[in-house]
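Readers should treat all values here as calculations from the given coordinates under stated rules, not as data from a laboratory. All values derive from a computational prediction rather than experimental measurement. Glycine gets a Cβ as well: all are built from the backbone with ideal geometry, and neighbour counts include every protein chain shown.
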Amino acid sequence: MARMHVETTINGESAEFLCQPGESLLDALRNELNLTGTKEGCNTGDCGACSVMLDGRLVPSCMVLAPEVEGRSVGTIEGVAQGDELHPLQQKFLEHAALQCGICTPGFIVAAKALLEKNPDPTEEEARYWLAGNLCRCTGYDKIIRAVLDTAAEMNGTNGAATNGAAG
Amino acid sequence: MQSIPYQAPASVSEAVALLGSDAEARVLAGGTDLLVQVRGGVRKPSAWIDVKRIPDLLGVSVEGDSIRIGAATPAAVIFEHPELQRLVPGVAEATDLIGSTQIQGRATLGGNLCNASPAADTTPALIAVGAQCIVAGSGGEREIAVEAFATGPGQTALAQGELLVAVRIPKPAARTADAYLRLIPRTEMDIAVVGAGVALTLGDDGTCTQARVAIGAVAPTALLLEEAAAALVGSRVDDDALARVAAAATAAARPIDDKRGTIAYRRKVVGVLAKRAAAIAANRAQER
Ligand SMILES: Cc1cc2nc3c(=O)[nH]c(=O)nc-3n(C[C@H](O)[C@H](O)[C@H](O)COP(=O)(O)OP(=O)(O)OC[C@H]3O[C@@H](n4cnc5c(N)ncnc54)[C@H](O)[C@@H]3O)c2cc1C
Ligand code: FES
Ligand code: FES
């Protein structure tokens, strides 16, 4: 079967690649475009490691076929930092040690960024529900939630308030 | 799966022609059921027909006396529609329950109906509000009531070559409201053990004048329960009527035993959820 030629926008820049018609967007990002920041955990839509933005919506890239992104806009973890400057979420994940093995981290950052863009001041409950589709086998989630809420507080200029109440 | 050809028709007629010419071609909506099934070796389609480029299948609109939801509209877009949330909160709740935030960005209403899982969350909610499926085939369009759409687990009333275009919900009358509840062992990311949807209308004196009760995950398809509705009509949705709703739902359930729940548990819980959903719908109707 002939490979398909796909033209799309990735992290704000136009991109093109060749793929198998039934290849997932996740595989195309990793194998055709060498954007290996997006991870594969389950390939069944359950873990969130493969989270990307598609036309401004958070989606699992393992549940998207690569040819679907023709003419659309894809945002991946590689587009989150501005050059060498980390996004506040990335900085806070480091400060709070919100990662151990790191396989879940790109998915959490992409998903948390989508949350803060939609809801800049989430409650702990809102953050936990929004991120319920991102699985982490290492951290126990608490540090991740603290990092997200602390980022929100910093970006809103209300720092200090969120770091205490995030237990449990 | 890698080499299965992919096509993205731009119109309903183009999609219907593609589906009609190849019995093994499969509609691809959000892919959250289909891709999992194909990767698991359960299905082997000959072609992917991506329907997300067909304008008629996309978006929510309130037109005249009905609400129209395009079949390929993802759950997140449906839930975010403020007027839909206000008019049919139970349907909004059911869509919001599907999967995670990520799944919500993909999973479509049409896919939830066409996959025909007995546990599909939107089905009982749509049955309760009297929704109709708008289906297109080579001979034109026809309508199928949602309660008649799924004919068994994984089976629908769609003929070969037919496409689900949209779901049409009648705009609720005055003092009419709906609710949907489901039980899962955790708070997120699981499949319904039991689901129940209720829509009802209250008269000026608080007497219920119309009701529809539907249950999911307790039979091969979601069920519309005439007897549970009859228990509500003419009542003031009091404890006595609610107890009869619960008994009717328990009596109608024909569940399976599996790791998520035993037969006895599901039969008991479906009564409880039907009763609670009726009480919530009645409270909402009262406020309208
Ligand atoms: C992690 C996870 C969690 C989930 N949680 C839930 C949940 O809580 N509740 C729930 O109900 N479901 C859940 N699901 C199942 C699934 O997400 C839903 O059933 C979803 O609505 C399917 O929609 P889709 O657009 O992804 O369908 P697809 O996978 O694209 O399609 C499903 C089937 O319907 C057919 N089809 C789709 N659209 C049409 C159309 N317009 N015309 C004709 N045929 C069509 C396809 O050919 C396919 O056979 C979950 C799935 C995952 C992976
Ligand atoms: S790899 Fe996509 S959700 Fe797990
Ligand atoms: S840090 Fe290892 S899975 Fe989350």
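Assorted remarks:
- Intensity falloff of chain B expressed as log10 I(q)/I(0), Debye formula with alpha-carbon point scatterers, at q = 0.14, 0.16 Å⁻¹: -0.97, -1.22
- For B:GLN210, the amide hydrogen comes within under 5 Å of the amide hydrogens of B:THR201, counting only partners 5 or more places away or on other chains and with H modelled in the peptide plane.
- Straight-distance candidates among the lysines for linking to B:LYS171, with alpha-carbon spacing under 17 Å and chain neighbours fewer than 8 residues away dropped, are absent.
- Phi angles of the range B:8-24 translate, via the Karplus equation with coefficients 6.51, -1.76, 1.60 and θ = phi - 60°, into HN-Hα couplings of 10, x, 9, 9, 4, 5, 5, 5, 5, 5, 5, 5, x, 8, 8, 5, 9 Hz per residue; Gly and Pro are given as x.
- Unsatisfied cross-links (Cα-Cα over 31 Å) in the set A:LYS92/B:LYS52; B:LYS44/B:LYS259; A:LYS113/B:LYS52; A:LYS118/B:LYS275: A:LYS92/B:LYS52; A:LYS118/B:LYS275
- Cα-based convex hull, the range B:179-288, per residue volume (Å³, whole number): 90 Å³
- Helix-derived mean residue ellipticity, 222 nm - over chain B, DSSP H n ≥ 4, -39500 (n - 2.57), to 500: -10000 deg cm²/dmol
- Near B:THR108: Cβ cut-off under 12 Å, other residues only, Lys/Arg at +1 and Asp/Glu at -1. The net charge is 0.
- Per-residue HN-Hα couplings for the range B:118-130 [Karplus 6.51, -1.76, 1.60; θ = phi - 60°; Hz; x = Gly/Pro]: x, 9, 4, 5, 6, 4, x, 5, 6, 4, 4, 8, x
- Cα centroid separation, the range B:23-39 to the range B:156-173 (Å): 19 Å
- Partner chain coverage, peptide A:52-61 - average Cβ within 10 angstrom: 5
- Global geometry of the range A:23-156, whether rounded, prolate or oblate, following the gyration tensor of its Cα atoms and the 1.5 cut on a/c: prolate
- The value of relative contact order for the range B:71-165, using C-alpha pairs under 8 Å at least six residues apart, is 26 percent.
- Count Lys and Arg as plus one, Asp and Glu as minus one, and take only other residues whose Cβ is under 14 Å from that of B:ALA251; the net charge is then +4.
- Debye, to nearest 20: dipole size of chain B, +1 on Lys, Arg Cβ, -1 on Asp, Glu Cβ: 660 debye
- Sequence-distant residues sharing a close amide H with A:CYS136 (under 5 Å, placed H): none
- A dipole drawn for the range B:14-54 from +1 and -1 charges on Cβ atoms has a positive end, and of B:LEU35, B:VAL16, B:ILE54 the residue lying farthest that way is B:LEU35.
- Take the convex hull of the alpha carbons in the range B:9-99; its mean projected area over all directions comes to 6.9 nm².
- Percent of beta bridges antiparallel (DSSP, the protein assembly as shown, rounded to nearest 5): 90 percent
- Sorted peptide list for B:261-270, B:95-104, A:3-12, criterion being average Cβ within 10 angstrom, highest first: B:95-104, B:261-270, A:3-12
- Number of partner chain Cβ atoms within 10 Å, mean per residue of A:23-31: 1
- Pair-distance distribution P(r) for the range A:3-59, from all Cα-Cα distances in 5 Å bins starting at 0: 4, 17, 27, 29, 17, 5 percent.
- 222 nm mean residue ellipticity, helices alone, for chain A (DSSP H n ≥ 4; -39,500 (n - 2.57); rounded to 500): -8000 deg cm²/dmol
- Charge context of B:GLY30, other residues only, Cβ under 9 angstrom, K/R +1, D/E -1: +1
- Centroid-to-centroid, using Cα positions, the range B:76-91 and the range A:78-117 are 31 Å apart.
- This model, with +1 at the C-beta of Lys and Arg and -1 at the C-beta of Asp and Glu, gives the range A:95-162 a dipole about its Cα centre of some 280 debye.
- Aspartates and glutamates with Cα under 13 Å of A:LYS39, excluding same-chain neighbours fewer than 8 positions away: A:ASP27, A:GLU78
- Across the range B:187-288, C-alpha contacts under 8 Å between residues 6 or more apart give a mean separation that, scaled by the residue count, equals a relative contact order of 30 percent.
- Less than 5 angstrom separates the built amide H of B:ALA166 from those of B:ALA71, B:ILE134, all sequence-distant by 5 or more or on a different chain.
- For the range A:88-161, the spherically averaged projection of the C-alpha convex hull amounts to 4.2 nm².
- Fraction of C-alpha pairs exceeding 17 angstrom in the range B:167-235: 52 percent, rounded to a whole number.
- Calculated on alpha-carbon atoms, Rg and Dmax of the protein assembly as shown in Å: 22.9, 69
- Across the options B:ALA192, B:THR209, B:ALA282, the greatest Cα extent toward the positive end of the charge dipole of the range B:176-286 (unit charges at beta carbon of Lys, Arg, Asp, Glu) belongs to B:ALA192.
- Distance from the range A:5-38 to the range B:194-245 (C-alpha centre basis), Å: 50 Å
- In summary, the range B:6-170 shows an alpha-carbon radius of gyration equal to 0.96 times the 2.2 N^0.38 Å reference for compact globular proteins.
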